[in-house]
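See below for the structure under consideration.
Nothing in this text is a laboratory measurement; each read-out follows from the coordinates by a stated rule. Please read these numbers as outputs of a predicted model, since none were measured by experiment. All Cβ positions, even for glycine, are placed from backbone atoms using ideal geometry, and neighbour counts span all protein chains on display.
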Amino acid sequence: MKVCMLTTSFPRYEGDFAGSFIYELSQQLVADGISVQVVAPADFGTPRDEFMRGVAVSRFKYTHPGKQQRIAYRDGGLPVTLQQDWRAKAQLLPFLLSFWSAALSHCRKCDLVHAHWTLAGLIAVTQASVMRKPTVLTAWGADINLTRGKVLDRFDWYVLQAIDRLSVVSDDLKDKVIESGVCAERVTVLPNAVNETRFCPIDRIDARHRLGLSSDCALVLFVGSLVERKGVLDLVEAMSHVSAQISKVQLALVGDGYLRERLEDRVRELGLEEMVLFFGSQPSGEIPVWMNAADIFVLPSYSEGRPTVVLEAMACETAVVGTDVGGNRELIRSGETGLLAEAGNPLDLAEKLLILLHDPALCQCMGHQGRQAILEEGFTWRDSARKLKAIYAEMLAL
């Protein structure tokens, strides 16, 4: 069986964070005997064609020179980029035409087309109309959550109706797409997953030593884009309340985005320069070390699909505090593997962080139970690939 994967984000090099979960899934499918051909946007300096651990990757350019490309691989993801950058909007048509052309030659050689995110889904359904290949779309969350109530809803609706099979990463997303009119029989919940051998517990002091972090303070960690949807401004406000009760605590922000300058200004206004530390984007290979260095992982988002970072933290036996939205509430068993806070409420977020910071034993217990939940409930890429392989076989048998 040969599958053509169409995606708007894929690692540009080993250790790149962009689309790393699609790479993980592709590698596991290859290990299970499925040939995978990925078609993804190029970035400046990336090779046009290569094999990455058995996964064939072909990248397309959509502007010349390539360094002028503005759509893919920007902080906050493609939906945010298209909303905020007029140059990216101007490149959308050449992006789609280049994507379609690149996909055409590869899709014809495959048995099935699997798109990730609705923009790639548009390419998949138009390819299917030409070559009559079965199509699968995985909606990861941002593509659905960020367009609801906007003009792009109509675009999403068309793609979701035209695709043969829809895979979503959470029950919350399934409910949303069914509410939009998609037939429930065509929708499968295929949860996001984690590489449990790469994300596993290591000694916390050793992890901090490797990263040059203090071992004298409790460490709260955020990993993600510094964009409004992630609630990072609320997190900084919450840390100002935490600092009133606990002095020996630090917040590490790993990631970058358009809010960074505003966040840095707010940190200075609140006098939190010693407490809130900015580390920028880090290689994906270093994220397990960061997860193990932390006492608490926090994700204060306003919306989520089924966030991989929460699974990664849980797999490292790190307790999680997340907002009570979307896939967060499906992953975090409040009171068992972590705590849920009200989205957009810095005081409630601070309260939940303080519960764990005041009780290190509870924090440890929740972290341990988090990894157990990962393994018991099958939230690994091996499990996801097995379920996806069954979907592929079912579609090809029709």
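Figures for the structure shown
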quantity	calculated
Neighbour net charge for Met395 - beta-carbon separation under 14 angstrom, K R +1, D E -1	+3
Antiparallel DSSP beta bridges within the chain, as percent of all bridges there, nearest 5	10
Largest-first principal axis extents of the Cα set of the range 309-356 (Å)	28, 23, 16
Ranked by how many other beta carbons lie within 10 Å on average, peptides 14-20, 308-314 from highest	308-314, 14-20
Computed [θ] at 222 nm, deg cm²/dmol, the chain (DSSP H ≥ 4; -39,500 (n - 2.57); rounded to nearest 500)	-13000 deg cm²/dmol
Rounded, prolate or oblate (a/c below 1.5 giving rounded, otherwise prolate when a/b exceeds b/c) for the range 89-146 by Cα gyration tensor	oblate
Dimensions in Å of the range 204-376 - Rg and Dmax from alpha carbons	14.4, 45
Inter-part distance where the range 326-398 and the range 232-286 are each reduced to a Cα centre, Å	23
Bins of 10 Å from zero: percent of alpha-carbon pairs in the range 112-251	10, 28, 24, 19, 15, 4, 0
Ranking of His106, His358, His64, His241 by count of other Cβ atoms within 10 Å, fewest first	His64, His358, His241, His106
Local electrostatic count, Lys230, Cβ distance below 11 Å [Lys/Arg +1, Asp/Glu -1]	-3
Ranked packing of 384-392, 43-51, most packed first, by mean Cβ within 10 Å	384-392, 43-51
Proxy reagent accessibility, fewest Cβ within 10 Å first, across Lys248, Lys89	Lys248, Lys89
Which of Trp100, Trp140, Trp86 has the fewest Cβ neighbours within 10 Å, and the rest in rising order	Trp86, Trp100, Trp140
Enclosed volume per residue, in Å³, of the convex hull spanned by Cα atoms of the range 290-398	98
Between helix 118-131 and the chain: long-axis angle, C-alpha atoms, 0 to 90°, nearest 10	20
The chain: relative contact order in percent, alpha carbon pairs under 8 Å with at least 6 residues between	15
Between 0 and 90°, nearest 10: helix 360-376 axis offset from the chain longest Cα axis	20
Between 0 and 90°, nearest 10: helix 92-107 axis offset from the chain longest Cα axis	60
Per-peptide average of other Cβ atoms within 10 Å, ordering 317-325, 250-258, 288-296 highest first	317-325, 288-296, 250-258
Share antiparallel - DSSP beta bridges, the range 27-77, percent rounded to 5	45
Gyration tensor (Cα) of the range 1-138, equivalent ellipsoid semi-axes in angstrom	23, 17, 13
Placed amide H near Leu339: partners under 5 Å, 5+ positions off or other chain	Val320, Val321, Gly322
Euclidean distance between Cα centres, the range 79-102 to the range 22-73, Å	17
Under 9 Å, Cβ to Cβ, from Leu219 - net charge with Lys/Arg +1 and Asp/Glu -1	+1
Inverse mean reciprocal Cα-Cα distance (Kirkwood Rh) of the chain, Å	21.6
